[in-house]
1. Nearest 20 debye, what's the magnitude of the dipole of region 110-185 about its Cα centre given +1 on Lys and Arg Cβ and -1 on Asp and Glu Cβ?
2. Please work out the C-alpha center-to-center distance from region 87-115 to region 9-79 and express it in whole Å.
3. Mind sorting TYR283, TYR154, TYR261 by how few other Cβ atoms lie within 10 Å of their own Cβ, fewest first?
4. So how do ASP206, ASP235, ASP75 line up by other beta-carbon neighbours within 10 Å, fewest first?
5. Treat the count of other C-beta atoms within 10 Å as a stand-in for reagent exposure and order THR82, THR52, THR31, THR256 from fewest to most.
6. Could you list, bin by bin from short to long, the percent of Cα-Cα pairs of region 1-69 in 10 Å steps?
7. Have a look at region 1-132 and give its Rg and Dmax from the Cα atoms, expressed in angstrom.
8. Using just the helices of the chain, give the 222 nm mean residue ellipticity in deg cm²/dmol: DSSP H runs with n ≥ 4 each add -39,500 (n - 2.57), and the total is spread over all residues, rounded to 500.
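Each value in this text was obtained by applying a stated rule to the coordinates, not by laboratory testing. As the structure is a computational prediction, the values presented were derived from the model and not from experiment. Cβ placement follows ideal geometry from the backbone for every residue including glycine, while neighbour counts extend to all protein chains displayed.
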Amino acid sequence: MLDNSQFPAEVTLVEVGPRDGLQNESQWVATDIKLKLIELLADSGLKKIEATSFVSPKWVPQMADHTEVMQGLSDLKQVEFTVLTPNLQGFEKAISAGAKEVAIFAAASESFSQKNINCSIEQSLQRFQPLMQLAKQQNIAVRGYVSCVLGCPYEGEIQPSKVAQVSQQLVNLGCYQISLGDTIGQGNPLSTKRLLACVLEQVPIDQLAVHFHDTYGLALANIMVALEMGISTIDASVAGLGGCPYAKGASGNVATEDVVYLLESLAIKSQINLDKLVKAGDYISQYLGRGNNSKVAKAILSKAID
């Protein structure tokens, strides 16, 4: 019999496909398609979904329909929706559109911060202060992302202590949870263990989540390490939507279907119906006109064909 006593009894999955997965798509994904995808994801049992991003359409054209997406989700009361808000202007638009939770992001790499948002890490955190003050006044929950936690496309290796420092600063600002993002997907089980051990010295375990990219095929191995260390919130993207913009042709986010299958094999509760989740991934993959990046989905769909 499987001994899963070292793992969390239950894991919360944060589905990031509709935002992080679709944001870099070159072909426009119609608003009704996005809404249908989110409805299918909700039907699978997912309770926490990152729906869109309130960023300037000039920088992320795919998210230009953010207000329409949020308005179209008003009937899905059973789901908590998060939206990305990179600045105060985006935050105010998100709240006007009905958002109850937002996410902000910082980097663990100075070079990445400068090239991505044209300011230092410290400056980026200072810019979030008025946003956080307004969120507190309006009782809006704020989730924090830290990019490049296991490597940077410009600097290479990132020290775990730097990740821990930025994570703690986001908690001090008022973020209820910190999602540690392996942006270029070069983390491995050993580096993941070192990272989490260091960050856990500064941030309580119930305030940490992990966000792995599968660029080199090690995302599930890294998630196993996180589970063994007690992490119980995992970000994932249905059908493996999304790519790594710093590694041409590379896969991006770990597939939600693969994570759910892993959790089921470890007898960890996720409350997700895997068959319905595969249906959601198949729906968006067919719309985009390409193969599903989830190995589990491919296996289940091939059985259905047989």
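1. Computed about the Cα centre, the dipole is about 320 debye.
2. 16 Å
3. Ranked by crowding around the Cβ, least crowded first: TYR154, TYR283, TYR261.
4. So the ranking, lowest neighbour count to highest, is ASP75, ASP206, ASP235.
5. Details: THR82 23, THR52 31, THR31 17, THR256 35.
With the fewest neighbours first, THR82, THR52, THR31, THR256 line up as THR31, THR82, THR52, THR256.
6. Computed distribution, short to long bins: 19, 43, 20, 11, 7, 0.
7. 16.7, 54
8. -12000 deg cm²/dmol
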